[in-house]
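This report concerns only the one structure given below.
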């Protein structure tokens, strides 16, 4: 599950810029193209991939809506063939809405409190 926190406005990248980047990063472009082809092949070979993806998107939408309106109530999402029962409360909403930097610092503090102080996690 994830929350979309900020989607700033972006400008389209000119086609000429895309072509130059692909030329300069030819090895990366070849690797990306090959990896994408392999991923699409695996997705097509999975029997229920699209159903599972649709289910995931639905759950993610429920969580996003719940966390945007967070109160004292917890959201309980029934288990399915792809997930066990999920309970979403205020603390989970706070965790998944943290920026990557704050989340990383929280993990660092939990793993090595002798190095990373509590104060470090709030920076």
**OP:** All but one of (1) surrounded by 10 or more Cβ atoms within 10 Å (Cβ to Cβ); (2) more than 30 Å from residue 47 (Cα to Cα) hold for residue 72, so report the exception by its number.
**Re:** (1)
Subject >> So residue 102, is it over 30 Å from residue 117 (Cα atoms), assigned to a helix (DSSP H, G or I) and without any contact (Cβ under 8 Å) to a residue 24 or more places away in the chain >> reply: no
Subject >> Any hit, the range 30-41, residues being surrounded by 10 or more Cβ atoms within 10 Å (Cβ to Cβ), touching a helix residue (DSSP H, G or I) at 6+ places or on another chain (Cβ under 7 Å) and part of a helix (DSSP H, G or I) >> reply: no
**OP:** Restricting attention to the range 55-73, report how many residues are outside any helix (DSSP H, G or I) and farther than 15 Å from residue 86 by Cβ.
**Re:** 4
Original post:
Do the conditions hold for residue 116, that is, is it surrounded by 11 or more Cβ atoms within 10 Å (Cβ to Cβ), outside any helix (DSSP H, G or I), at pLDDT below 90 and in contact with a helix residue (DSSP H, G or I) (Cβ under 8 Å, 6 or more places away or on another chain)?
Top reply: yes
Original post:
Among (1) at pLDDT 85 or above; (2) touching a helix residue (DSSP H, G or I) at 6+ places or on another chain (Cβ under 6 Å), which single condition is residue 100 missing?
Top reply: (2)
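The values are calculated or read from the model by the stated rules, or taken from the named source; none is laboratory data. Everything numeric here is computed off the predicted structure, so don't read it as measured data. Here the Cβ is made from the backbone with ideal geometry for all residues, glycine too, and neighbour counts use every protein chain on show.
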